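Okay, so here's the structure we're looking at.
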Amino acid sequence: MKADIKRTASRFRHTIGKYKVLRGTQCKSCAGCVVTCPYGVHFKAGTRMGMPKDYLCVGPDVCQSKGTLCVEKCPNQALSVALNPQIKALGDFRWTAELLMSTWHQAETGELPIVDMEYRLGNSGGGFDKMRFRFPEKLEREIPADEIDTSIELNKRGDNAHRITIPIPVYQGGMSFGSVSNSTMVSRAAAAKRWGTFGCTGEGGYPEFLHPYDDFMITQVATGLFGVKEETIQRVRIIEFKYAQGAKPGLGGHLLGDKVTEAVAKMREAVKGSALFSPFPFHSVYSVEDHKKHVDWIKAMNPKALVSVKVSTPADVDMVAIGSYYAGAHIVHLDGSYGGTGAAPDIAKKNIAMPIEYAIPKVHQFLLEEGVRDKVTLIASGGIRTAHDIMKAIALGADGVVEGTAGMVALECTRCSSCESGRGCPRGIATTDPELAEFVKVDWGAQRIYNLYASWRKQMVNILQQFGMRSIREMVGRTDCLRHLDYN
Amino acid sequence: MPKKYHIKATPAAPRFIPVGRSGIIDWEEDCLKCTTCVKKRCLYDVYKNRSYDSRTMVDSIDHQCKNCFSCIQNCPRGVLSKTINPEFLKMGDAYWKPDIIHGTWFQAETGKIPVSGAGYRGPFSGPGFDAMWTDMSEIVRPTRDGIHGREYISTGIDVGRKQHHLEFDGTGAARLEMFPLVEIPIPVIFNVLPFGSLGKGITLSMAGAARRIGTLMYVTPETYDETLKPFKAQLIPLLPAEELDLEADILKGVKMVELFYAPNVWERVQQLKERHPQLVVSVRIPLNPEAKAITADLARAGAEVIHLFADYRGNEFVDGDSPRFVKDVMRDIHTHLVDEAIRDEVTLLTSGGIALAEHLPKALICGADGAAIDLPLLIALECRVCKRCVAGKSCPVELNNLDPKYGRQRLVNLMCSWWSQLIEMMGAMGIRDVRRVRGEAGRAMFFEDLERDTFGAIFGGRQ
């Protein structure tokens with residue numbers, strides 16, 4: 001599979017980089033640095049020098065050793081370079097500044113950054129961030145990259161429902177109409193379609209502008225049942241029941257009255273300006289038998305649809321998973337407690353339910369013991385940030401993952417967490433403000449997300465090559481491929 | 001059905017500009033003075049509303065900035081720069097972190113649950129209360145929908161001794177005399193503050209808030225005076241066991257008394273009960289390696305309430321570098337009382353290190369019936385935990401000069417937020433009565449257990 005990567009630069013005047021390059025007033029615009037720097041940091045704008053594109057700078061250490069250090073070569077001592085002090089204010093334990101910047105780079109270029117940045121791990125001090133691959137020392141022969149298969153099967157039950165294979169072990173998490181801008185929704189859907197994988201409507205209804213992507217959309221049936229109609233159920237190939245969300249497990253949702261605009265109200269079949277509650281749980285489901293009734297109801301309307309059950313990670317998540325399987329689910333989707341959201345109580349994000357790193361092996365092992373593991377597609381989400389996280393999740397026992405936040409970061413989200421503040425997201429992502437939403441152009445957004453997936457796929461192929469595996473399916477449950485720094 | 005308990009929040013803006021996390025540095029000298037200044041386009045009007053408080057040396061920009069980086073990335077000459085406000089990082093200490101202080105201010109101002117977008121930003125796990133997660137229920141177990149009022153979740157507890165079983169006299173009639181109980185609608189009591197520039201305003205704020213939300217507060221004989229008389233029903237006098245005056249004025253009109261532990265404390269408790277049988281009498285025991293045996297002995301002897309207190313960072317009082325954390329000590333003591341079959345008779349309170357709303361249900365899960373809180377109250381009143389007062393210096397937010405009405409509202413707001421968060425967590429756990437949260441370790445997941453059961457099985461022994 002050859003990816004159609006196109007360089008898609010930041011919308012901002014300045015991209016934040018690891019290094020800061022300053023040009024002093026001593027500069028005589030001789031353009032010597034343009035020649036010196038092989039990375040394109042320096043350029044001439046008319047007769048004068050442009051402001052350095054310092055996000056491309058690989059840092060003084062690399063240049064020193066290569067003899068390409070602009071600071072030293074400048075005849076007028078006009079240049080200086082240092083670590084960018086601003087990045088201290090960027091990022092957090094889970095998404096460090098370097099992880100954000102390297103994800104931006106992948107979204108821009110479809111390649112890993114050449115700047116020395118940690119693109120594989122966050123700094124959370126546990127889970128994926130403490131796991132490393134245990135690569136074999138040497139292989140008998142290397143499998144060519146183009147022979148490696150990264151596709152996964154979404155219907156492993158082998159029943160009458162659609163047979164769906166997606167070429168990468170990734171599809172997208174639900175983000176509702178109204179929680180993100182329309183252009184963001186379409187960008188994501190378009191990227192999913194180009195990859196032949198799936199986007200997801202979230203629980204806020206199925207807007208008409210997503211029609212061109214019907215074959216690559218999942219529609220969600222969540223506890224509020226907003227916008228769920230027979231027609232929307234029949235439109236898609238995969239239906240997702242959202243029982244819970246990792247960021248707010250066990251809690252309902254609350255859409256404030258002033259967010260319920262004319263369009264949102266129409267979509268959700270509600271009244272403009274009046275607050276909407278998504279209760280928790282489904283008040284019609286208090287047992288696996290009740291859940292089965294739900295699945296039957298979907299199958300009556302759309303017999304060929306795959307059914308996915310999205311659940312959070314309680315202590316008995318293994319019971320939930322097996323129950324979901326016996327009720328007819330094709331996909332069991334575990335959303336770990338560190339998952340994303342447009343708005344959730346901080347107390348819930350931090351404290352309720354277990355991180356995905358524990359839930360995956362627990363469920364995988366239990367399904368194996370119950371003898372049904374090969375009949376279920378196990379999907380993990382909630383804290384999957386990088387290609388390395390994906391591979392670790394699969395090695396722990398998942399078949400594939402769902403991505404949400406990483407795609408937002410591809411659209412230049414800084415994870416400032418103010419999705420709900422003021423008029424909405426300053427980057428035009430999580431907003432219904434038409435002026436702000438203008439900021440995300442569909443072609444730009446779709447290409448950025450597309451590029452990120454392309455870069456991820458290359459890394460996944462590379463990891464499989466190092467393990468001598470032909471298919472990502474061989475990696476499922478191969479915990480022997482991992483080690484954990486806290487364990488012997 | 002009795003009237004539903006509710007705490008009413010009313011916004012109470014800070015008196016001083018709060019210290020914020022995010023700093024913007026503005027190099028005016030290189031500015032192009034361009035007409036499309038990015039500062040004008042700030043979504044949050046941070047620059048427009050900018051102000052500076054020369055008394056406390058705080059720039060409002062640090063508090064208001066949402067860290068979106070938009071101005072930084074769009075300024076034509078790149079003259080704007082960002083960093084973390086060093087004053088923010090200086091607040092508090094290793095346990096009372098700047099984020100805790102900042103979040104408490106927000107809750108005291110608004111009474112709202114802190115809500116934000118994007119996923120969790122913190123470390124995977126951590127020491128103390130961060131090494132446990134609470135459970136949630138789905139499909140195979142019901143949750144409780146408390147926060148939206150569909151189901152009533154009770155947060156009330158009874159403080160006092162409970163009968164283990166019904167007793168009958170010689171004629172076969174049931175003995176129906178009960179031990180006195182104090183019922184409080186929220187499992188939180190206001191503790192004596194560990195430090196602070198403590199003026200009358202703070203004490204009256206606490207007393208007013210305790211009355212408003214229906215809970216109790218501790219008071220020492222030194223702070224007790226005429227002004228607290230109207231709040232008698234809220235007060236728990238905290239007295240030394242040695243020099244106990246059974247006729248002291250402070251004992252009149254209160255429902256509960258607490259004695260500091262001393263070897264003869266049980267004798268004193270009995271004297272007090274004899275003279276004032278309607279009083280619930282509690283014993284305050286420092287959490288240390290002896291606390292377990294003392295607690296069990298007192299519980300067996302008939303103690304009504306035992307209050308186990310850790311230091312203000314939640315550590316037990318021991319010499320050496322590795323004190324146990326309150327959660328672990330409480331679990332140990334609770335489990336011991338369960339094994340001894342005397343847990344249900346006695347009320348256990350805990351204090352020390354309860355810094356966030358989530359610590360409350362976690363402390364209960366570890367075995368406490370209720371918790372006493374201290375520093376969060378002071379922080380709600382704008383304290384920055386700078387501890388200047390400890391060194392005898394002036395308070396930057398003038399806590400010694402606090403209007404009790406204003407202070408009361410800040411504390412009520414904080415409790416409103418904590419109460420809402422308690423209900424959120426109980427709802428997710430599927431528990432409708434906070435009395436059932438006590439000791440319910442089955443509705444929690446502990447770091448060490450999860451690591452052992454999942455990663456231990458995969459990766460072998462932990463280093």
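The values are calculated or read from the model by the stated rules, or taken from the named source; none is laboratory data. Quick caveat: nothing in here was measured; it's all calculated off a predicted structure. No Cβ is skipped: glycine too gets one built from the backbone with ideal geometry, and neighbour counts run over all protein chains shown.
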* Selection count where residues are more than 7 Å from every other protein chain (Cβ to nearest Cβ), surrounded by fewer than 24 Cβ atoms within 10 Å (Cβ to Cβ) and either more than 20 Å from A:Met475 (Cβ to Cβ) or of a type in the set (A, V, I, L, M) (or both), scope the range A:335-378 -> 7
* Count of residues meeting criterion [part of a helix (DSSP H, G or I) and either crowded, with 18+ Cβ neighbours inside 10 Å or at the interface with chain A (Cβ under 7 Å from one of its Cβ atoms) (or both)] in the range B:438-463 -> 8
* Being touching a Pro at 6+ places or on another chain (Cβ under 7 Å) and either closer than 14 Å to A:Leu452 by Cβ or within 13 Å of chain B (Cβ to nearest Cβ) (or both) is the filter here, so list the residues in the range A:379-405 that pass it. => A:Gly383, A:Ile390, A:Leu396, A:Gly397, A:Val401
* Structure fact -> Residue pairs within 8 Å by beta carbon, gap of at least six or interchain, first lying in the range A:112-139 and closer than 18 Å to A:Ala359 by Cα and at the interface with another protein chain (Cβ under 9 Å from one of its Cβ atoms), second among the β-branched types (Val, Ile, Thr) and surrounded by 15 or more Cβ atoms within 10 Å (Cβ to Cβ), listed first then second, are A:Gly127/A:Ile356
* To do: Check off (1) out of contact with any Asp or Glu (no Cβ under 7 Å at 6 or more places or on another chain); (2) in the same structural domain as B:Pro263 (by TED's automatic domain parsing) for B:Leu193 and give me the number that stays unchecked.
  => (1)
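Just checking, which of B:Pro18, B:Pro11, B:Pro2 is modelled with pLDDT under 85 and not polar (S, T, N, Q)?
B:Pro2
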* To do: Please give the number of the condition B:Asp332 fails out of (1) surrounded by fewer than 23 Cβ atoms within 10 Å (Cβ to Cβ); (2) within 21 Å of B:Ala108 (Cβ to Cβ).
  => (2)
* Asked: Which one of A:Gly339, A:Gly328 is part of a loop (DSSP other than H, G, I, E, B), at positive phi and in contact with a strand residue (DSSP E or B) (Cβ under 9 Å, 6 or more places away or on another chain)?
  -> A:Gly328
* Of the residues that sit in the range A:267-279 and are more than 17 Å from A:Val228 (Cα to Cα) and in contact with a Lys or Arg (Cβ under 9 Å, 6 or more places away or on another chain), which one is modelled with the highest pLDDT? -> A:Lys272
* Asked: Has the range B:202-218 got at least one residue that is within 21 Å of B:Arg268 (Cβ to Cβ), of a type outside the set (Lys, Arg) and surrounded by fewer than 20 Cβ atoms within 10 Å (Cβ to Cβ)?
  -> no
* Asked: Considering only the range B:130-144, how many residues are surrounded by fewer than 22 Cβ atoms within 10 Å (Cβ to Cβ) and either more than 9 Å from chain A (Cβ to nearest Cβ) or at pLDDT below 90 (or both)?
  -> 4
* Does A:Gln106 meet the test of being at pLDDT 95 or above and out of contact with any Gly (no Cβ under 6 Å at 6 or more places or on another chain)? -> yes
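Test A:Val34 against the criterion of being part of a loop (DSSP other than H, G, I, E, B), more than 14 Å from every other protein chain (Cβ to nearest Cβ) and either within 29 Å of the chain's Cα centre (by Cα) or at pLDDT 95 or above (or both), and give yes or no.
Values: part of a loop (DSSP other than H, G, I, E, B): no; more than 14 Å from every other protein chain (Cβ to nearest Cβ): yes; either within 29 Å of the chain's Cα centre (by Cα) or at pLDDT 95 or above (or both): yes.
Considered against the rule, which asks whether it is part of a loop (DSSP other than H, G, I, E, B), more than 14 Å from every other protein chain (Cβ to nearest Cβ) and either within 29 Å of the chain's Cα centre (by Cα) or at pLDDT 95 or above (or both), A:Val34 comes out as no.
For the range A:65-100, which positions are polar (S, T, N, Q) and in a loop (DSSP other than H, G, I, E, B)?
Of everything in the range A:65-100, those that are polar (S, T, N, Q) and in a loop (DSSP other than H, G, I, E, B) turn out to be A:Thr68, A:Asn76, A:Gln77, A:Asn84.
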* **Search result, residues across the range B:10-43 that are closer than 15 Å to B:Asp59 by Cβ, part of a loop (DSSP other than H, G, I, E, B) and either free of Cβ contacts under 8 Å to residues at least 40 places away in the same chain or more than 12 Å from chain A (Cβ to nearest Cβ) (or both)** => B:Pro14, B:Phe16, B:Ile17, B:Pro18, B:Val19, B:Lys39, B:Cys42
* Structure fact -> Considering residues that are away from every other protein chain (no Cβ under 12 Å), surrounded by 24 or more Cβ atoms within 10 Å (Cβ to Cβ) and of a type outside the set (A, V, I, L, M), the number found within the range A:74-107 is 3
* Report the residue count in the range A:248-269 for those that are more than 19 Å from A:Asp433 (Cβ to Cβ) and buried (at least 18 other Cβ atoms within 10 Å of the Cβ). => 6
* Asked: Can you find even one residue in the range A:44-57 that is free of Cβ contacts under 8 Å to residues at least 60 places away in the same chain, touching a helix residue (DSSP H, G or I) at 6+ places or on another chain (Cβ under 7 Å) and over 20 Å from A:Arg427 (Cβ atoms)?
  -> yes
* Within the bounds of the range B:216-237, is there any residue that is touching a His at 6+ places or on another chain (Cβ under 8 Å) and closer than 20 Å to B:Leu349 by Cβ? -> no
* Structure fact -> For A:His254, the lone unmet condition from (1) under 27 Å from the mean Cα position of the chain (by Cα); (2) within 27 Å of A:Thr197 (Cα to Cα) is (2)
* Asked: Out of all the residues in the range A:407-451, which are within 13 Å of chain B (Cβ to nearest Cβ), β-branched (Val, Ile, Thr) and assigned to a loop (DSSP other than H, G, I, E, B)?
  -> A:Thr414, A:Ile429, A:Thr431
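Every residue, every condition in (1) of a type in the set (Phe, Trp, Tyr); (2) within 14 Å of another protein chain (Cβ to nearest Cβ); (3) touching a strand residue (DSSP E or B) at 6+ places or on another chain (Cβ under 8 Å), yes or no:
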| residue | (1), (2), (3) |
| --- | --- |
| A:Lys458 | no, no, no |
| A:Leu464 | no, no, yes |
| A:Glu474 | no, no, no |
| A:Asp480 | no, yes, no |
| A:Arg483 | no, yes, yes |
* **Pair list, Cβ under 7 Å, 6 or more apart: the range A:13-24 residue more than 9 Å from chain B (Cβ to nearest Cβ), other residue among the aromatic types (Phe, Trp, Tyr)** => A:Gly17/A:Tyr55
* Take the residues of the range A:288-329 that are more than 10 Å from chain B (Cβ to nearest Cβ) and polar (S, T, N, Q): which is farthest from the chain's Cα centre (by Cα)? -> A:Asn302
* To do: Tell me, yes or no, whether the range B:29-52 has at least one residue that is surrounded by 13 or more Cβ atoms within 10 Å (Cβ to Cβ), β-branched (Val, Ile, Thr) and modelled with pLDDT under 85.
  => no
* To do: Could you tell me whether any residue of the range A:184-195 is assigned to a strand (DSSP E or B), in the same structural domain as A:Ser284 (by TED's automatic domain parsing) and either at pLDDT 95 or above or more than 18 Å from the chain's Cα centre (by Cα) (or both)?
  => no
* Which condition number in (1) surrounded by fewer than 22 Cβ atoms within 10 Å (Cβ to Cβ); (2) touching an Asp or Glu at 6+ places or on another chain (Cβ under 7 Å); (3) basic (Lys, Arg) is the one that A:Arg427 fails? -> (1)
